[in-house]
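Have a look at the structure below, then the notes.
The values are calculated or read from the model by the stated rules, or taken from the named source; none is laboratory data. Small disclaimer: the values here were computed from a predicted structure and weren't measured. All Cβ positions, even for glycine, are placed from backbone atoms using ideal geometry, and neighbour counts span all protein chains on display. These accessible areas exclude ligands, DNA and RNA; they are computed on the full protein's heavy atoms, side chains included. Shrake-Rupley method; radii C 1.70, N 1.55, O 1.52, S 1.80 Å.
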Amino acid sequence: LLCHHSFMPKDFPTLQNDTFLRAARGEETEHVPVWCMRQAGRYLPEFRESRAGKDFFDTCRSPESCCELTLQPLRRFPFDAAIIFSDILVVPQAMGMDVLMVAGKGPTFPDPLKEPEDLQRLRTAVDVEKELGYVFKAITLTRHKIEGKVPLIGFTGAPWTLMAYMIEGGGSNTYSKAKRWLYRHPEASHMLLRMLTDVIVEYLLGQVAAGAQALQVFDSHAGILGPVQFKDFSLPYLRDIARRVKDKLKETGQDVPMIVFAKDAHYALEDLSQSHYEVVGLDWTIDPRSARERTGGKVSLQGNMDPCALYSPKDRISEIVQKMVEGFGTRGYIANLGHGLYPDMDPENVGAFVEAVHQHSKLMIKQI
Ligand SMILES: Cc1c2[nH]c(c1CCC(=O)O)Cc1[nH]c(c(CCC(=O)O)c1C)Cc1[nH]c(c(CCC(=O)O)c1C)Cc1[nH]c(c(C)c1CCC(=O)O)C2
C-alpha cells in the first residue's frame, strides 16, 4: 500500500473546525458536533437534480460528482463533518460481483452467491488501488474542495452486512438466505467474512492515505443476528478491522478516529465499546443514559434521534434534541440520527435539528 500511495504531501487546507474530531476522542468542545447519516441524499432538491438521469454507480465512479454531492449539504447547514458520497456496495463490486441500483427497488445483485462453491467466483487478491481508486480520488478532491471547513469521513460496510447483500442479492425482510449460510456453512461463511475483512482493511487505509480524517464502519444488518451469532460472525471481524487499520496507521504516526455503527445490535453494546473503536454509533432503540452506563465512559457515543422525529414541527424537534443531549451529556458525544435521512424529509427540519444541537449544547457546556 505504501508504495502505491507513496504518501505524497497533498497540501490539504488547514482544518478550521475540529469539534467532531475532538468529540470522537472524548476531548472538550464548545458545542456538541453534529452530522447526519445520508446527509448527502435525496431529501435535497439539488441532490435529486445532480443525480437525475444518471446511473447510481456511474455517479459513484465520478470523483467530481461525489465531491459535489458531498459538499451540497454543507452549503445549507452548519454540519460539523462531511461524509464522502459513495456506497458500501462498491466493495462487492471490487471483488468481482455485479451490483445494480434499481429505482424503487434498491441495490440488486443479478447473480448473488448461492452456495459455498460460488466463493470461487470472487477475486482473492483485490488490488484496491485499481478497483477502488476512484473512491480515493473522490476523497482527495473533496478534501481540497471542502477548504478545511470540517473533517471528511470515509466509510465502509462491515463484513457481515456486505456478506448479507452478496448472498441475498439485495434487501430482505428475513435475511434467511444469508443466515442459512451461517448455520449450514459456517466455515464458508468465515472464509467469506475473512476475504471481506482483508479488502476492507486495505480499502480503509487507502481512504486515509487519500485524505479521510475519520472512518465509519456500517454494520447495517447487525440487528438480524442475535447475540450468539453476532459474537461469532460479526464482532471478531469488526475488531480485526479496527486493530489492523490502527496498527498500520501507527507506523506512519497517524491517528484517525474510527466509528462502529452496528444497527439494532443493542445486545452487543458492551462488546462494541471494547472493540478498539473510539466511537460507537447508536440507533434510536437505545436510551442515551443506559447507553452511557453500559459503555462505562470507555468510548464516545454517536446518535441517535429517530429519523422520523424530523417529521415533527420545529419546536418539537428542539425539545427532542434537548432531551437527547441531556441524556448523552455533552462530553464524548456526536449528535446524529439513529439511521439515515429519508427522501421525503424536509430540509428545513434538518436545519432545525442541527441548530437545536448547537444551541442546547452550547448552553449546557457554559453551565458546567
Ligand atoms: C446499507 C447501505 C447502503 N449504502 C450505505 C449503507 C449503510 C448505511 C445504511 O444502513 O443506510 C451507505 C451509504 N450510501 C450512501 C452514503 C453516502 C454518504 C451519506 O451518508 O450522505 C452512505 C454512507 C449514498 C447513497 N446510497 C444510495 C442512495 C440513494 C439512491 C440514489 O441516490 O439514487 C444514496 C444517497 C442507495 C442505496 N445504497 C444502499 C441502499 C439500501 C440504498 C437505498 C436504495 C433505495 O432506497 O432506493 C446500500
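Listing for the model above:
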read-out	value
Over the chain, relative contact order from alpha-carbon pairs under 8 Å, at least 6 apart, %	22 percent
Cα-only Debye scattering, the stretch 243-322: base-10 log of I(q)/I(0) at q = 0.14 Å⁻¹	-0.56
Spatial separation of Cα centroids for the stretch 228-282 and the stretch 100-175, in angstrom	19 Å
Fraction of accessible area attributable to carbon and sulfur, the chain (%, probe 1.4 Å)	51 percent
Computed helical MRE - 222 nm, the chain, DSSP H runs ≥ 4 contributing -39500 (n - 2.57), nearest 500	-14500 deg cm²/dmol
Between 0 and 90°, nearest 10: helix 347-367 axis offset from the chain longest Cα axis	60 degrees
Gain upon complete extension [Gln120, Phe12; 0.36 nm per residue less C-alpha separation]	34.7 nm
Lysine pair number, Cα distance threshold 21 Å (strictly under), the stretch 257-368, separation 8 or more or different chains	5
Beta bridges by DSSP in the stretch 87-244, antiparallel share as percent, to the nearest 5	45 percent
Gain on full stretching of the segment that runs from Arg42 to Lys177 - 0.36 nm per residue minus C-alpha separation	45.6 nm
Note, ³J(HN,Hα) from phi for the stretch 142-155, Karplus 6.51, -1.76, 1.60, rounded to Hz, x at Gly and Pro	5, 4, 6, 6, 6, 6, x, 4, 9, x, 10, 9, x, 7
Stokes-Einstein D (µm²/s) once Rh is taken as the Kirkwood radius of the chain over alpha-carbon pairs, at 10 °C in 1.306 mPa s	76 µm²/s
Restricting the stretch 115-154 to GluC sites (Glu not before Pro) in coil, as DSSP defines it, with at most 15 other Cβ within 10 Å	Glu147
Between helix 314-328 and the chain: long-axis angle, C-alpha atoms, 0 to 90°, nearest 10	80 degrees
